[in-house]
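The values are calculated or read from the model by the stated rules, or taken from the named source; none is laboratory data. Nothing here was measured: the structure is a model prediction, and the numbers come from that model. Positions of Cβ are generated from backbone atoms using ideal geometry, with glycine treated the same way; all protein chains shown enter the neighbour counts. Each accessible area value is taken on the protein alone, full model and side chains, heavy atoms only, with ligands, DNA and RNA left out. Shrake-Rupley method; radii C 1.70, N 1.55, O 1.52, S 1.80 Å.
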Amino acid sequence: MRIAVLGSGIIGVSTAWWLNQAGHDVVVVDRQQQAGMETSRANGGQISVSYAEPWANPQAPGKLFKWLLRADAPLVFRLQPDLRQWAWGLSFLRECTPARVERNVRALVAMAQYSRRTLQEMRRELGIEYDQQERGILNFYRNMREFEHSQQMAEVMRDHGVDRRIVSADEVVAIEPALAGARHTIVGGDYTPEDESGDAFLFTQELARMASQAGVEFRYGTQLSRLVAAGGSIHGAELIGPDGQYELLRADAYVAALGSHTPAFVRPLGVACSVYPAKGYSATFRIIDPDAAPVVSLTDSEHKVVYSRLGNRLRMAGTAELGSSTRALSTARCEQMSRLARELFPSALDFDTVRHWSGLRPSTPSNVPLIGRARISNLYLNTGHGTLGWTMGVGSGKALADLVSGHRPEPDFPFLG
Ligand SMILES: Cc1cc2nc3c(=O)[nH]c(=O)nc-3n(C[C@H](O)[C@H](O)[C@H](O)COP(=O)(O)OP(=O)(O)OC[C@H]3O[C@@H](n4cnc5c(N)ncnc54)[C@H](O)[C@@H]3O)c2cc1C
């Protein structure tokens, strides 16, 4: 079949790769000049299977209310006169019940585990390099109540077959000695040795290069303007090419992997797509003292920020603002990130050359992505990966390629259609 994959972030590129491997003729369209230039460009780098937890949980409504008035809160709901945001917010509240949380965790862990296995196989078979670290993820706590709550969550994750170990403050420092200077602020942690980290952008670009060599056609600098439907199926994708001319791209099937921008193209066709942008920030520091910088990927639970070592760089990422649809940087957020990094690793990083970035996570109320066939027969969705697009990326691509090819995907996951 000829298949048009719309979007070349981690999700679009991995979908294109696996469709090509399944023998399909694949064309990828993206408005940017290269793959991975939007939300997959500078994320936190964690392959965090063991923390594949939804934002929506029984504690979330109380915390959100507390954070509503704080400009530097880790999760902010910026209320807008936007019906879509209100509908998303109501659905989010519905996902906070224990039964829904249990169901969502099960789906997220299943896809994340499958994706990590797929990533490991791809590393072995393709020799793909992306500043990866297989040193686990260490979550450290500075607040006893948060630490105690995390122990309940760790138990839930262990029930799903995840190796998440509770560790003391001294063990935190033994696992990552770069935290020694902050020992007095830490009350404990949990450590997941099977988790990994790496640069999602490097991976996406490298996989796009390999896919192109394998015969996938990439059409960069090309904007999707609408999907044209007729008689219950997609008739073509209307594109504006680099020369400004319109063209109708025809294919047998279409995969919408447009991240946060997916709803704008599928909703006019009557396809439900509860994906809303959750803006996040990252800061990338050059490492000047490698021994003083962490190697194990870290999560500072109190501030909801993560740190991943990417070669000679340290990537820090976090915060979520629901209701900010532009990628403008916030000076307060950027300064806060630099301050937190300086407190933890004062001598390790070059603070003068820090590179700030922001991206829009394509978020669903349940955190569970939308993968599978839409109500329109030849339209597939692969979007809504929110905080876990890197963690679930290659597995989602492979699963979608299976569905398009008429095979049952391996993970036990609530696929669409
Ligand atoms: C601060 C931050 C930290 C994060 N940390 C982690 C982490 O540690 N671990 C993890 O697993 N995940 C993390 N994520 C989430 C992860 O980055 C995303 O889930 C993932 O990148 C989404 O990939 P995507 O391919 O769906 O979207 P994108 O990468 O945004 O790709 C969508 C593509 O569609 C293209 N497009 C959009 N509209 C059009 C159009 N009209 N025409 C043509 N092309 C179009 C865009 O150019 C883009 O290339 C983080 C996200 C953020 C913001």
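For K398, a cut-off of 20 angstrom between C-alpha atoms picks up no lysines at all, skipping any fewer than 8 places away in its own chain. DSSP bridge analysis restricted to the chain gives an antiparallel fraction near 70%, rounded to the nearest 5. Of all aspartates and glutamates in the structure, those lying under 19 Å Cα to Cα from K63, and not within fewer than 8 positions of it along the same chain, are E53, D72, E95, E146, E148, D300, E302, E321. Length gained on full extension, Q213 to D82: 42.8 nm, using 0.36 nm per residue less the C-alpha separation. Here the accessible area of the range 310-416 is 47 percent carbon and sulfur, with a 1.4 angstrom probe and all protein chains present.
If R0 is taken as 56 Å, the Cβ-Cβ distance between D163 and Q245 corresponds to a FRET efficiency of 0.55.
The chymotrypsin sites (Phe, Trp or Tyr not before Pro) of the range 185-254 that DSSP puts in a loop, and whose beta carbon has at most 16 other beta carbons within 10 Å, are Y220. Work through the residues other than F147 whose Cβ is under 11 Å from its Cβ and net out their charges, Lys, Arg +1 and Asp, Glu -1. In short, -2. Most tightly packed first, judged by the mean number of other beta-carbon atoms within 10 Å of their residues, the peptides 3-12, 377-386, 169-178 read 3-12, 377-386, 169-178.
At a threshold of 8 angstrom on Cα-Cα distance, excluding pairs fewer than six apart, so keeping six or more, what relative contact order does the chain reach in percent? Here the relative contact order equals 27 percent.
Its Cα gyration tensor gives the chain an equivalent ellipsoid; the semi-axes, largest first and in whole Å, are 34, 23, 21. Placing dummy labels 7 Å off each Cα toward the beta-carbon, the span from D289 to R2 is 6.0 nm.
Each label point was placed 7 Å from the Cα along the Cα-to-Cβ direction; for Q152 and R70 their separation is 2.0 nm.
Phi-derived couplings, Karplus 6.51 cos²θ - 1.76 cosθ + 1.60 at θ = phi - 60°, listed residue by residue for the range 262-277: 4, x, 4, 9, 9, 4, x, 9, x, 8, 5, 7, 7, 10, 10, x Hz, with x used for Gly and Pro.
Using Cα pairs closer than 8 Å and at least 6 residues apart in sequence, work out the relative contact order for the range 40-100, in percent.
Value for the range 40-100: 42 percent.
With the simple spin-label model, which puts each label point 7 Å out from Cα in the Cβ direction, the M144 to L329 separation comes to 4.0 nm. The residues of the chain expose, per residue, 41 Å² of accessible area to a 1.4 Å probe. Seen against the Cα atoms of the chain and their longest principal axis, helix 98-126 is set at about 80 degrees. What the phi angles of the range 137-143 give under the Karplus curve with 6.51, -1.76 and 1.60, with θ = phi - 60°, is a coupling list of 10, 10, 9, 10, 10, 10, 10 Hz, glycine and proline written as x. Among S396, S358, S168, the residue with the largest mean-square fluctuation in a Gaussian network model of the chain, with springs joining Cα atoms closer than 10 Å, is S168.
Computing FRET efficiency as 1/(1 + (r/R0)^6) for R339 and A272, where r is the C-beta to C-beta distance and R0 is 51 Å, gives about 0.80.
If you bin all the Cα-Cα distances of the range 1-70 at 10 Å, starting from zero, the percentages per bin are 17, 28, 26, 20, 8, 1.
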